[in-house]
1. So what is the relative contact order of segment 151-197, in percent, for Cα pairs below 8 Å that sit 6 or more residues apart?
2. So, taking all protein chains as they sit and a 1.4 Å probe, how much accessible area belongs to GLU389, in Å² rounded to tens?
3. Please state the charge dipole magnitude for segment 284-429, taken about the Cα centre, from unit charges on C-beta atoms (+1 on K and R, -1 on D and E), reported in debye and rounded to the nearest 20.
4. Going through segment 1-85, which chymotrypsin sites (Phe, Trp or Tyr not before Pro) have at most 12 other Cβ atoms within 10 Å and a DSSP loop state?
5. Report, to the nearest whole %, how much of the accessible area of segment 409-566 belongs to carbon and sulfur atoms, 1.4 Å probe, protein only.
6. Could you give the dipole magnitude of segment 204-263 about its Cα centre, charging the beta-carbon of Lys and Arg +1 and that of Asp and Glu -1, in debye to the nearest 20?
7. Checking a compactness column here: for segment 298-366, what do you get for Rg(Cα) / (2.2 N^0.38 Å), N being the number of residues?
8. Counting other C-beta atoms within 10 Å, and keeping those with at most 16, which DSSP coil GluC sites (Glu not before Pro) do you find in segment 151-183?
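The values are calculated or read from the model by the stated rules, or taken from the named source; none is laboratory data. In this text, all values refer to a predicted model and were calculated from it rather than measured experimentally. Positions of Cβ are generated from backbone atoms using ideal geometry, with glycine treated the same way; all protein chains shown enter the neighbour counts. Quick note on the areas: whole protein, heavy atoms, side chains included, nothing else; ligands and nucleic acids left out. Shrake-Rupley method; radii C 1.70, N 1.55, O 1.52, S 1.80 Å.
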Amino acid sequence: MNFGPASSSTDMLAEDPTIDLQNPPDSANGSTPDPPTRYGQPLLPSWIPLYRRPMRTPTRKLRVVTIGAGISAMNLAYKIHHEHDLINKGIVSELVMYEAHEDLGGTWLVNTYPGVACDVPAHIYTFPFEPNPDWSAFYASGEEIWRYFKRTVEKWGLDRGTKCGHKVQKAEWDEGSGRWKLEVKNKDGVIHDECDILVSAVGFLSEWRWPDIQGIQSFEGHLCHSAVWDKAFDWTGKRIAVIGNGSSAIQIMPKVVETAEHVTNFIRRPTYITPGLGSSMIGGEVQYYYSEEEKRRFREDPEALKQYRKEIQGQSNRAFDMFTKDSKSQIAGKKATADQMRAKLGDNEDLANKLTPDYEVGCRRATPGPGYLEAFTRDNVSLVMERIEGIEPKGIRTSGGTLYEVDAIVCATGFQVDHRPPWPLIGRDGLTLAEAWKDEPTSYLSLCAGQHFPNYFMFSGPNAPVGHGSLMAGLGLSAEYMVQWINKIATEDIASVAPKDEVVEELNAYADEIMQTLVWSGGCQSWYKNHRVDGKVTAVWAGSVLGYMEMIEKIRPEDFEVRYRTRNRFRFMGNGRTKLEYEPGADLAYYLKK
């Protein structure tokens, strides 16, 4: 064929007799031999007609739906709409994001309790594509992070296709169509939808829970959970009970004690209060506020901002040694943390003995808590470690029989962490994800669930890198991983992909051996282990963030059961020619390097 230099791509395609532009891609098929033979022999069982389009031309566009429209979903939206431009390339027809809340922001929209902040340095808690030179402080408040999130979403138009006030309440895989059938509830009722690719972007701490305490609803005072804080609540001059000593309680306490009459913290077990991640960058201080001059420099010199961010991230990644059992860093870190805690408690040995654990630092989530330990040195703060027997109209009664009368109870008691969706997600053979994970949640690289759940991906599923460093980089690479599969499914005429169950089993078995060397399998009760002392670590990746990123950098199709839309997997070869050959002026000798 000899196309003139002025020919357009469309003209070049139209002039090729092996190309069919008249029919939709999936119907652009060649003829069937009559009689159905080739070389005098019957057609092979794998015979299909020629696909009359260039190689890797998608046979259909994929509709992608995410459950949730928080940080994870917006990373995927950026990949689809901008970095890979999958809409204009004909890979994706639409990205729809169903968000249960009436506004966007995920964690930072919902959590508004006093003192809410991120304990990861703000400059590495950013979208990979949108560094922020204007952070006010080294550790940003929840409100500032929410404003950054909203600003970024608006700047890049990432909320196109987002439907707020829409809660997915059922998803069921239909093998015949190769699609997920969805039921979505909004204020007007239930709508039905379907998609080729379903992505869970709800986050791993999204379903908060009341503590399992007898009589909790009988309390006559103000009762609240930290995850659904009542902004109108005024604790001034009141007796406050705070149940729990996780990150929320640790941030709430220093704010409440300033004006409350008395604050009693009820805890079951001690936890380490550590220096903040990356605090060595600010001389070990609990906070650092950027000057206007520093922010202006970051705005005007993106390379300086990049190097600053790389230094923070590099130090964070290098600190992974501390999470290895019996390492020098772990031993030194444990002693230094205990010494620092004692000092903040005013060298009160009784308090130090009660509040300092003896398990490994980091076994529970390492939590900085400016002002938390210091609060216990105040006259208006008490610590109670007796088991709570029940809650009564006037207060909390402990196992020793004491009734602590209070005006308000703050339950900072965490979230459901079993990873099972609270609504039916039904895969092949009618198996629900809740049933598949009834004993333990096991994932493929925290991104896929198993061979009964095809074309289903997750952000921060079981055993994600949530225990070390910033989650942001991992979320960006997770989105890239999903895009690789979306591209492959669309361009290779694939019906469905799902990790093989034996692969998931092998991965988790080996990862558990790695986990035995790490502090997360230590002797603490932790939500990393679904609130158990002993048992499998189900929340955290078995290894470093860098190790995780290398594992998901490229997809491993050999780990997956791949089902094709026709009986011949090589239909994607089309007419045997590449799209590049139909681009006027394209470099068709690109492979000659010297």
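1. Working: 58 pairs, mean separation 12.8, N = 47.
The value is 27 percent.
2. So the heavy atoms of GLU389 present about 90 Å² to solvent.
3. 560 debye
4. Values: sites: PHE3, TYR39, TRP47, TYR51, TYR78; in loops: PHE3, TYR39, TRP47.
Loop-located and lightly packed - TYR39.
5. Carbon with sulfur: 50 percent of the solvent-accessible area.
6. Roughly 100 debye for segment 204-263.
7. Working: Rg = 16.9 Å, N = 69, 2.2 N^0.38 = 11.0 Å.
The value comes to 1.54.
8. Sparse-neighbourhood loop GluC sites (Glu not before Pro): GLU175.
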